[in-house]
1. Considering every residue within the range 17-30, establish whether at least one is outside any strand (DSSP E or B) and of a type in the set (Phe, Trp, Tyr).
2. For the range 100-113, check the following and say yes or no: at least one residue is in contact with a helix residue (DSSP H, G or I) (Cβ under 9 Å, 6 or more places away or on another chain) and under 27 Å from THR161 (Cα atoms).
3. When only residues in the range 17-34 that are under 15 Å from the mean Cα position of the chain (by Cα) and surrounded by fewer than 20 Cβ atoms within 10 Å (Cβ to Cβ) count, which is farthest from ALA165 (Cα to Cα)?
4. Does any residue of the range 32-49 turn out to be part of a loop (DSSP other than H, G, I, E, B) and touching a residue at least 12 places away in the same chain (Cβ under 8 Å)?
5. Is it true that some residue in the range 14-32 is modelled with pLDDT under 95 and over 18 Å from VAL138 (Cα atoms)?
6. Can you go through ARG135, ARG112 and tell me which one is in a helix (DSSP H, G or I), among the basic types (Lys, Arg) and either surrounded by fewer than 19 Cβ atoms within 10 Å (Cβ to Cβ) or at negative phi (or both)?
7. Considering only residues of the range 68-89 that are surrounded by fewer than 20 Cβ atoms within 10 Å (Cβ to Cβ) and of a type in the set (A, V, I, L, M), which is nearest to TYR17 (Cα to Cα)?
8. Could you run through the range 130-182 and say how many residues are closer than 18 Å to VAL4 by Cα, in contact (Cβ under 8 Å) with a residue 40 or more places away in the chain and in contact with a strand residue (DSSP E or B) (Cβ under 9 Å, 6 or more places away or on another chain)?
Amino acid sequence: MLRVDTTFSGGDGLPGYNSLYFGGSTSGQAVVAEQAAWNAWAAAASAIHTSVTITTSSEVFVVDPLTGQITGSFAATGHSGAGTAAGERLPQATQGLVQATTNLFLAGRRLRGRIFVPAPVDAANNDGAPDISYRNDVDAAFTQLMSDAGGAGGWVIYSRTHGQAANVSQVNVWQEWAVQRSRRA
């Protein structure tokens, strides 16, 4: 399995991090995975404030799904760009949320994933919730990721607890703003 890391920097409350997983295991698939991840974030940039820089890593990690351990890495291009949403940024804790669904059930529960989209702007806010334009833009970016990831073994959601991964079958942008709280010791 492959892992592509993305870093968000600039502005209050950042840096932030995201990891996307793909079903592949070869150098060629790693290059495709990084490009697919970048394409998704570049498409979602219209929903991210201009002060935020989005950077996908030029190193794609190989992960053993049974243990969760990194077993190697491959070189990829790596990309960087900025958000394109101008205007007043919403409070730093406010984020968009992409819910990714698989068709795999583990211990009686569907395997799901979440992707937090940082730094929305006030123009995307409609009475305390993301407006339809924001949701459509972010939804389109991550729906396209499902297609773009085919050459990378597919975009997968990974369960470290169960040591299994499954292809994403559907994405949905939550109709409310999300808050990602830091994990504390």
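The values are calculated or read from the model by the stated rules, or taken from the named source; none is laboratory data. Quantities reported herein were computed from a predicted structural model and do not represent experimental measurements. Every residue, glycine as well, gets a Cβ built from its backbone with ideal geometry; the counts of neighbours run over all protein chains shown.
1. Going residue by residue through the range 17-30, those that are outside any strand (DSSP E or B) are 23-30.
Retained after the next criterion (residues that are of a type in the set (Phe, Trp, Tyr)): none.
No, the range 17-30 contains no residue that is outside any strand (DSSP E or B) and of a type in the set (Phe, Trp, Tyr).
2. Taking the range 100-113 as the starting set, the residues that turn out to be in contact with a helix residue (DSSP H, G or I) (Cβ under 9 Å, 6 or more places away or on another chain) are 100.
With under 27 Å from THR161 (Cα atoms) added as a condition, the list becomes 100.
Scanning the range 100-113, I find at least one residue that is in contact with a helix residue (DSSP H, G or I) (Cβ under 9 Å, 6 or more places away or on another chain) and under 27 Å from THR161 (Cα atoms), so the answer is yes.
3. Result: TYR17.
4. Step one: filter the range 32-49 for residues part of a loop (DSSP other than H, G, I, E, B), giving 48.
Checking the rest, the ones that are also touching a residue at least 12 places away in the same chain (Cβ under 8 Å) come to 48.
For the range 32-49, residues part of a loop (DSSP other than H, G, I, E, B) and touching a residue at least 12 places away in the same chain (Cβ under 8 Å): present.
5. yes
6. Values: ARG112 fails: in a helix (DSSP H, G or I).
Checking each option against the conditions leaves just ARG135.
7. In the first step, residues of the range 68-89 are kept if they are surrounded by fewer than 20 Cβ atoms within 10 Å (Cβ to Cβ); the result is 68-73, 75, 77-82, 84, 86-88.
Still in the list and also of a type in the set (A, V, I, L, M): 70, 75, 82, 86.
Numbers: ILE70: 17, ALA75: 19, ALA82: 15, ALA86: 22 Å.
Of everything passing the filter in the range 68-89, ALA82 is nearest to TYR17 (Cα to Cα).
8. Counting residues in the range 130-182 that are closer than 18 Å to VAL4 by Cα, in contact (Cβ under 8 Å) with a residue 40 or more places away in the chain and in contact with a strand residue (DSSP E or B) (Cβ under 9 Å, 6 or more places away or on another chain) gives 18.
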